[in-house]
Structure formats: C-alpha cells, structure tokens
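*Asks:* The structure under discussion is supplied below as structure tokens; questions concerning it will follow.
The values are calculated or read from the model by the stated rules, or taken from the named source; none is laboratory data. It should be emphasised that the depicted structure is a prediction, and the values quoted were computed from it without experimental measurement. Heads up, the Cβs are rebuilt from the backbone with ideal geometry, glycines too, and the neighbour counts pull from every protein chain shown. The protein model used for the area step is the full one, side chains on, heavy atoms only, and it has no ligands, DNA or RNA in it. Shrake-Rupley method; radii C 1.70, N 1.55, O 1.52, S 1.80 Å.
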Amino acid sequence: MPGRYQQLSADHIIATLEKLHARMVARFPDAGLGRVCAELIEVGRASVNEAAELARPDYLWRGAACALVVAGLIAQVAAFRFLHLERIEGSAPELLQGLEAAVSLLILFGSAVWFVLTLEERIKRQRVLDALHRLRSMAHIVDMHQLTKDPTIVLDAQKTPASPERTMSHFELTRYLDYCSEMLALIGKLSALYAERMRDGVVIEAVNDMETLTTGLGRKIWQKITLIGVLEDRAP
C-alpha cells in the first residue's frame, strides 16, 4: 500500500483548483480566465472519477473474456477430433497437410485469445488518450489567454491602432500570468493521475508528453514574469 506522500491526491488537486478559481474571481471578476478555470474544475472532476474507474478491474469483461477463451478451447478440441490425425494412413503429403491445418488453427486461436485478453486494456487506453486530448486542449486555451499579455507595457511603449487593450497594472499582469502558470501545472498533475492509475507504456508516454507541454508553456509564462521584473528595475 503506497504511503501518504507516495502518490498524488486527487482531492487535493481539485481543492487547489477551486482555491485558484476563487483567487481569480476575487482579483479579476470579469476576466475570461476565471471561466476557463471553472471549466477546468469540471474537467478535473471528470478526470479524477475516470482515472479511479479505469484503475478498477472490469470483472464482467474479464469473465466474458475467460468464457470466450474456454469456448475457443472447446472448439479447438472439437476441430482436432474432426481432423482425425491419428487415422491418417496416407502418404507424407497428406500427413503434412493435416498438420498444417492443425498448426493454422492453433495460430488463429492464439491470436484470438491475445486479442480478447488485451481488449480491456486497449479500450481503457483509448479512454485515457481521449481524456488527455481534452486536457491538452485546456492547456492550449490557457496559453491563448496569456498570449497577448505583453511585459513591455512596463515601458509604456507607444500603442498602434491594432494593439490589444492594456488595462492591467504591472502587479495585476504578474498575478494574471502567475494564475495561468498555476493552471498549466495543475493540468499536468491531472494528466499524471492517469499514469499513476494505469501502468501502460502508451499511457505513460502520452502523460509524459502532456507534462512536457505544460512545463514548456509554463516556462514561457515565467519568462514573461521575469522580464516584467527586469523592466521595472530599469524603468526611470
């Protein structure tokens, strides 16, 4: 049994998201980022429930798979009896033909057994990949919200007619970017729940890709936050 600090706590992740949402609404009540966070909370709750469900073995499906395997074994025995290999008294080509048919049946049966026994795992894997796709979309949405938050407003640079509206103070911009970074980090942790519940190579690789994505997007945001501090120090 894993210790308390050896695995992620899904409840703590959701609680952290809820606190983050409350902070956003309190500081930026009209910002769309708060609504994105509210949507992420719903997606996160669904991910937590789904990850827990996928971790549980599906005994109904496994029972059906075992029944199919047993039925296949019975069919194999019946097929061998039908071939009557022991009664073959002909030439060597006839014997080889019978053996070839028997080997073909064994190969087909083995393939069918492997397909049935791994079907549950492949279905669960596809569900995880679909869930990770939703989380990946959320990460890109968060990135879109910080895209136009330009640190150079610290310099009070001259605007053009096409420039986005700048209404935040330096401090507010820093907090906004920090909230985006926190959301990306929590999206990465929601993704990690799937790798923790399913030790599947494909799932772990997909989760690693998600963590690389969220880390990379978060690094861009922290570069902006660092740049704001540098520009504030240099401002006259």
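*Asks:* When the chain is fully extended, how far beyond the present Cα-Cα distance does D178 get from V103, taking 0.36 nm per residue of separation? Before the final figure, lay out each step's value.
*Replies:* Numbers: separation 75, 0.36 × 75 = 27.00 nm, distance 6.39 nm.
Going from the current span to full extension adds 20.6 nm.
*Asks:* Another one. At a probe radius of 1.4 Å, what is the per-residue accessible area of F115, in Å² to the nearest 10?
*Replies:* 110
*Asks:* May I pose another question? Calculate the FRET efficiency for F115 and E39 from the Cβ-Cβ distance with a Förster distance of 41 Å, rounded to the nearest 0.05.
*Replies:* Details: r = 38 Å, r/R0 = 0.93.
Computed FRET efficiency for F115 and E39 comes out at 0.60.
*Asks:* Find how much the distance from L129 to F171 grows on full extension, using 0.36 nm per residue of separation minus their present alpha carbon separation; answer in nm with one decimal.
*Replies:* Working: separation 42, 0.36 × 42 = 15.12 nm, distance 3.82 nm.
Here the answer is 11.3 nm.
*Asks:* Could I have the simple spin-label model distance between D58 and F28, label points 7 Å from Cα toward Cβ, reported in nm to one decimal?
*Replies:* In this crude label model, D58 to F28 measures out at 4.0 nm.
*Asks:* To the nearest 0.05, how large is the calculated FRET efficiency for N49 and A78 if R₀ is 45 Å and r is the Cβ-Cβ distance?
*Replies:* Details: r = 45 Å, r/R0 = 0.99.
That gives a FRET efficiency of 0.50.
*Asks:* Pop a pseudo-label 7 angstrom from the Cα along the beta-carbon direction at both K220 and C66 and give the gap in nm to one decimal.
*Replies:* Placing both labels 7 Å beyond Cα along the Cβ direction yields 5.1 nm.
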